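Just below is one structure, and these are the notes that go with it.
The values are calculated or read from the model by the stated rules, or taken from the named source; none is laboratory data. Please read all numbers here as calculations on a predicted model, not as lab measurements. Every residue, glycine as well, gets a Cβ built from its backbone with ideal geometry; the counts of neighbours run over all protein chains shown.
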């Protein structure tokens with residue numbers, strides 16, 4: 001400590017670097033004094049750098065730092081010393097320092113105010129996010145606004161120690177976009193929106209596809225957001241990705257958007273509107289025997305069958321996989337699933353199925369596919385070429401259960417396997433099913 005205070009320039013600097021590893025809370029006050037009492041800007045900068053590193057070392061070892069000397073220095077020191085002390089605040093989270101930093105942001109001296117804003121923009125304190133946002137939206141200096149916008153993006157989406165709800169992530173970025181912002185500032189916001197897999201983030205990023213100056217960044221952000229949206233929001237994601245493909249010429253971005261679009265459309269094609277009945281079983285009969293026994297759902301008029309709405313799939317990544325095991329449970333049994341599909345015209349289609357285990361399929365009361373087997377579910381393992389009538393068509397599945405998993409998934413495609421538009425589905429019979437029922 002004595003050498004740092006009284007030594008020559010190089011000796012003092014070396015002593016300060018050693019103190020970084022040695023000091024504890026008891027010496028923080030003296031380290032602050034080194035900054036306050038420094039005779040030159042160079043000495044003050046070296047002392048402030050050492051103080052900053054020492055505080056981080058103490059915080060790492062003990063979890064907290066005695067910030068009282070720093071708060072006192074910020075309140076009473078000279079302008080030059082306060083400017084040197086302020087960067088230390090950005091790396092610490094402390095109630096009293098928070099208040100001192102807020103006071104410095106509105107200080108009458110422009111250099112102090114600028115230093116405080118820079119320190120504020122380095123913070124990892126989530127409590128200071130509203131303060132950073134205020135600077136991002138209101139600061140007259142364009143460079144300080146840019147710093148604050150970058151800090152808002154970091155605090156909302158990139159800081160590992162801060163976990164905000166989605167709404168709390170989006171609202172600051174939305175507020176920034178509501179103010180006059182430059183193209184570079186919009187690029188910063190897009191980088192943040194790209195990290196938020198939410199429909200509101202997509203709505204904020206999508207209009208920027210129309211701005212030539214930031215179109216490449218907007219295309220990448222929209223593609224990333226759309227790719228991460230949940231299955232239920234597939235249609236907005238599809239529309240956004242089609243806009244990306246129409247707007248961008250960058251090969252890598254187009255490839256990413258096209259891949260995402262195909263993945264989402266593939267999932268969106270699957271039928272999720274089903275009703276089910278069962279389970280059906282007979283003593284002494286296993287799943288293979290039950291496959292050929294005609295239970296009430298497959299008989300004329302299906303008298304006495306109790307149909308229930310099929311619950312959503314349990315797998316968040318594949319909600320279109322209908323989980324019979326969760327709905328019914330058990331082994332050595334069968335269940336039936338029923339849906340209706342509306343086609344505007346008579347047309348050949350491909351029905352793609354995946355089942356665990358075997359399956360029998362009726363189209364408009366005629367068997368069009370049957371495989372009596374045991375297997376795990378593999379989407380699209382069975383491909384059945386059929387013709388849909390114009391209007392409503394009945395689809396009935398019989399799915400067998402050996403043990404363990406019991407599930408199915410189904411979708412319609414064009415005969416060549418490509419995406420098919422224009423079909424609508426309903427779990428209710430046609431006389432009660434509106435054409436707009438959807439999937």
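Mind telling me which of the residues 327, 240, 246 ends up being at pLDDT 90 or above, assigned by TED's automatic domain parsing to the domain that holds residue 425 and in a helix (DSSP H, G or I)?
Details: 240 fails: assigned by TED's automatic domain parsing to the domain that holds residue 425; 246 fails: assigned by TED's automatic domain parsing to the domain that holds residue 425.
Criteria check complete, one pass: 327.
Table: residues versus (1) assigned to a strand (DSSP E or B); (2) closer than 15 Å to residue 408 by Cα; (3) in contact with a strand residue (DSSP E or B) (Cβ under 6 Å, 6 or more places away or on another chain); (4) at pLDDT below 95.
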| site | (1), (2), (3), (4) |
| --- | --- |
| 273 | no, yes, yes, yes |
| 289 | no, no, no, no |
| 319 | no, yes, no, yes |
| 349 | yes, no, yes, no |
| 369 | yes, yes, yes, no |
| 376 | no, yes, yes, yes |
| 383 | yes, yes, yes, no |
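Please count how many residues of the stretch 249-271 are surrounded by 21 or more Cβ atoms within 10 Å (Cβ to Cβ) and outside any helix (DSSP H, G or I).
The total comes to 2.
So, in the stretch 262-303, exactly how many residues are in contact with a helix residue (DSSP H, G or I) (Cβ under 6 Å, 6 or more places away or on another chain), in the same structural domain as residue 374 (by TED's automatic domain parsing) and without any contact (Cβ under 8 Å) to a residue 40 or more places away in the chain?
The qualifying residues number 2.
Okay, residues lined up against (1) touching a helix residue (DSSP H, G or I) at 6+ places or on another chain (Cβ under 7 Å); (2) under 15 Å from residue 86 (Cα atoms); (3) buried (at least 17 other Cβ atoms within 10 Å of the Cβ); (4) at pLDDT 90 or above:
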position: 30; (1), (2), (3), (4): no, no, no, yes
position: 33; (1), (2), (3), (4): no, yes, yes, yes
position: 36; (1), (2), (3), (4): yes, yes, yes, yes
position: 39; (1), (2), (3), (4): no, no, no, no
position: 42; (1), (2), (3), (4): no, no, no, no
position: 45; (1), (2), (3), (4): yes, yes, no, yes
position: 49; (1), (2), (3), (4): no, yes, yes, yes
position: 59; (1), (2), (3), (4): no, no, no, no
position: 67; (1), (2), (3), (4): yes, yes, yes, yes
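Is it the case that residue 120 is farther than 13 Å from residue 98 by Cα and either buried (at least 21 other Cβ atoms within 10 Å of the Cβ) or out of contact with any strand residue (DSSP E or B) (no Cβ under 9 Å at 6 or more places or on another chain) (or both)? Talk me through it step by step, then tell me what you get.
Numbers: farther than 13 Å from residue 98 by Cα: no; either buried (at least 21 other Cβ atoms within 10 Å of the Cβ) or out of contact with any strand residue (DSSP E or B) (no Cβ under 9 Å at 6 or more places or on another chain) (or both): yes.
Answer is no for this residue.
Mind checking whether some residue in the stretch 319-327 is touching a residue at least 12 places away in the same chain (Cβ under 8 Å), in contact with a helix residue (DSSP H, G or I) (Cβ under 8 Å, 6 or more places away or on another chain) and surrounded by fewer than 19 Cβ atoms within 10 Å (Cβ to Cβ)? I'd like the intermediate steps shown before the answer.
Going through the stretch 319-327, the residues touching a residue at least 12 places away in the same chain (Cβ under 8 Å) turn out to be 319-327.
After this cut, where a residue has to be in contact with a helix residue (DSSP H, G or I) (Cβ under 8 Å, 6 or more places away or on another chain) as well, the list is 319-320.
If we keep only those that are surrounded by fewer than 19 Cβ atoms within 10 Å (Cβ to Cβ) too, we end up with 319.
Yes.
Answer with yes or no whether residue 83 is crowded, with 18+ Cβ neighbours inside 10 Å and either assigned to a helix (DSSP H, G or I) or in contact (Cβ under 8 Å) with a residue 12 or more places away in the chain (or both).
Numbers: crowded, with 18+ Cβ neighbours inside 10 Å: yes; either assigned to a helix (DSSP H, G or I) or in contact (Cβ under 8 Å) with a residue 12 or more places away in the chain (or both): yes.
The answer is yes for residue 83.
Is at least one residue of the stretch 351-362 free of Cβ contacts under 8 Å to residues at least 24 places away in the same chain and either within 25 Å of residue 296 (Cβ to Cβ) or out of contact with any helix residue (DSSP H, G or I) (no Cβ under 8 Å at 6 or more places or on another chain) (or both)? Let's see the steps before the verdict.
Within the stretch 351-362, the first condition is being free of Cβ contacts under 8 Å to residues at least 24 places away in the same chain, and the residues that meet it are none.
Looking for residues that are free of Cβ contacts under 8 Å to residues at least 24 places away in the same chain and either within 25 Å of residue 296 (Cβ to Cβ) or out of contact with any helix residue (DSSP H, G or I) (no Cβ under 8 Å at 6 or more places or on another chain) (or both), one finds none in the stretch 351-362, hence no.
Does residue 38 count as assigned by TED's automatic domain parsing to the domain that holds residue 66 and over 17 Å from residue 58 (Cβ atoms)? Write out each step before concluding.
Working: assigned by TED's automatic domain parsing to the domain that holds residue 66: yes; over 17 Å from residue 58 (Cβ atoms): yes.
For residue 38, the condition - assigned by TED's automatic domain parsing to the domain that holds residue 66 and over 17 Å from residue 58 (Cβ atoms) - is met.
List the residue pairs whose Cβ atoms are under 7 Å apart, where the first residue sits in the stretch 205-229 and is assigned by TED's automatic domain parsing to the domain that holds residue 173 and in contact (Cβ under 8 Å) with a residue 40 or more places away in the chain, the second is buried (at least 18 other Cβ atoms within 10 Å of the Cβ) and part of a helix (DSSP H, G or I), and the two are 6 or more positions apart or on different chains.
none
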